[in-house]
Amino acid sequence: DSLTFNSINLITGMDVGLHSIVPGALLNENFDISYELGSLTIVPAELTVTAGDQFVSCDGIANPFTHTLEGYRYQDADSNLVVSGPTYEILNSLNVPVPTTGIAPGLYSIVPSNLNLVQPSNYVVNYVNGEMISGASPIVLVTPGPVSIGGGIAQGCVPGVAGSRSFSIPTFPE
């Protein structure tokens, strides 16, 4: 019968950074054996945060922001990696921040940032902006001719694709 020996090697870390590789020992009286440490560089993986696109309807109020995270490795997931975030900012075409209410008609960027991960993190976070289209468009309806029962002035907005707001024309006494 033969006897087989296997050496066990060791690495000094599994997080991002520079680590040493320590070779296992082999003993034999017939050889002069020497060992040297090796080096291992672990680079971070990319984790991409993409802001969800959204449509703002008549009320001019942004819906709750959404995002997707892509690039997890092994058993990592939101539940064991993300501490908080991301946060969001809405920018107009001039890259000026706008509030989440009273959003005028137009096209905006949704900018995600500040995703906080458990440390030490093995990821580099990349952010991808989303788009926001505001369909808020105030209009004024005026009935033709003199004001009569069922006539008058009403303010509202052009219904958007997502959740339109309706209005009624008030009734005035004759």
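The values are calculated or read from the model by the stated rules, or taken from the named source; none is laboratory data. Predicted model, so just to flag it, every value in this text is computed and none were measured. Every residue, glycine as well, gets a Cβ built from its backbone with ideal geometry; the counts of neighbours run over all protein chains shown. Side chains included, ligands, DNA and RNA excluded: accessible areas come from the protein's heavy atoms. Shrake-Rupley method; radii C 1.70, N 1.55, O 1.52, S 1.80 Å.
Observations, loosely collected:
- Hey, Tyr108 within 21 Å of Val49 (Cβ to Cβ), touching a Phe, Trp or Tyr at 6+ places or on another chain (Cβ under 7 Å) and either surrounded by 12 or more Cβ atoms within 10 Å (Cβ to Cβ) or at pLDDT below 85 (or both) or not: no
- When region 88-105 is filtered for residues that are at pLDDT below 95 and assigned to a strand (DSSP E or B), only Val98 remains.
- Contacts under 7 angstrom Cβ, first residue in region 60-84 being closer than 30 Å to Val98 by Cα, partner open to solvent by 70 Å² or more (accessible area, probe 1.4 Å) and among the acidic types (Asp, Glu), 6 or more apart: Leu69/Asp78
- When residues of region 22-57 are limited to those that are open to solvent by 50 Å² or more (accessible area, probe 1.4 Å) and among the hydroxyl-bearing types (Ser, Thr, Tyr), the one nearest to Asn114 (Cα to Cα): Thr41
- Listed conditions (1) open to solvent by less than 80 Å² (accessible area, probe 1.4 Å); (2) without any contact (Cβ under 8 Å) to a residue 12 or more places away in the chain are all met by Gln119, apart from (1).
- Residues in region 58-86 that are within 14 Å of Glu131 (Cα to Cα) and hydrophobic (A, V, I, L, M, F, W, C) were compared, and the one that is least open to solvent (accessible area, probe 1.4 Å) is Ala62.
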